[in-house]
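Novice: First the structure, which I've put down as structure tokens, then a few questions once you've had a look.
The values are calculated or read from the model by the stated rules, or taken from the named source; none is laboratory data. On a predicted model such as this, the values are computed, not experimentally measured, just so you know. Backbone-built Cβ (ideal geometry, glycine too); neighbour counts: all protein chains shown. The area values use the complete protein model at the heavy-atom level, side chains included, leaving out ligands, DNA and RNA. Shrake-Rupley method; radii C 1.70, N 1.55, O 1.52, S 1.80 Å.
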Amino acid sequence: MKIKEADKIIISLSKPDKMPGYAYGLPAWECKTGAKLAKVPGSVCAGCYAMKGNYTRFPEIKRAQYRRLAAIRHPLWVRAMTAKIKSYAVSKHKYFRWHDSGDIQSMQHLENIFRICRATPDTKHWIPTREAQFLKRLKLKQVPRNLVIRMSSHMVDQGPVTFWPWTSTVVSDKNKKTCPAPEQENQCKDCRTCWDREVPTVAYGKH
């Protein structure tokens, strides 16, 4: 598939400033779990960054997210995303983040992401998620080797979940965080911990 054709289907990719590669953002308002947690004080989603700031200041950003949400149901979405990610892998962007905003929408959505990951073996993929309902229906062998799905704990200072091997937490004690971004201009720079299967838990500092 030609990239121009792919772009018409997937709408666009996002390029988070802190990340070493591209991402695919969906509207946080449509998170199955996160949208509920956003209303819970003390949760990691309370004051969600993807529900304020530029995400609401510029209407075109929100419109693009909803267009991407519709796009994931396109019959050629898997082919289009594969073509687009492969084109960036050629230009040395070897790391991809799923959902710099938003989350997994369904088992079919997740299975389609798996298909894309298998079709782009030269790219390392990472999905942060709060959708335990989908992960609990998986067997680990179903997860492509170039993908890390990190199950995020729901509350600040809550320990990592125990049912999944790759997790993330948010901590209020700066001495307990493991993400180095705040000390390096809020960027990943050389760190690729989130994509590393050998790291069971990543602890992010509370914003």
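Novice: Amide H to amide H, which residues 5 or more places from Tyr95 or on other chains are under 5 Å from it, using H placed in the peptide plane?
Specialist: Those qualifying (amide H under 5 Å, at least 5 residues apart or on another chain) are Tyr22, Lys124.
Novice: Sticking with this structure for a sec: Gap in Å between the Cα centre of region 69-124 and the Cα centre of region 140-199?
Specialist: Cα centres, region 140-199 to region 69-124: 20 Å.
Novice: Can you flag which of Lys4/Lys92; Lys8/Lys32; Lys62/Lys206; Lys18/Lys124; Lys18/Lys139 are past 28 Å Cα-Cα?
Specialist: Long pairs (Cα-Cα over 28 Å): Lys18/Lys139.
Novice: In region 82-207, what percent of the accessible surface is made up of carbon and sulfur (1.4 Å probe, ligands and nucleic acids excluded)?
Specialist: 49
Novice: With +1 on each Lys and Arg Cβ and -1 on each Asp and Glu Cβ, and nothing else charged, work out how big the dipole of the chain is about its Cα centre, in Debye to the nearest 20.
Specialist: Result for the chain is approximately 560 debye, rounded to the nearest 20.
Novice: How much accessible area per residue does the chain have, in Å², with a 1.4 Å probe?
Specialist: On a per-residue basis, the chain sits at 53 Å².
Novice: Sequence neighbours fewer than 8 away in the same chain don't count; with that in mind, list the aspartates and glutamates whose C-alpha is under 16 Å from Lys176.
Specialist: Asp157
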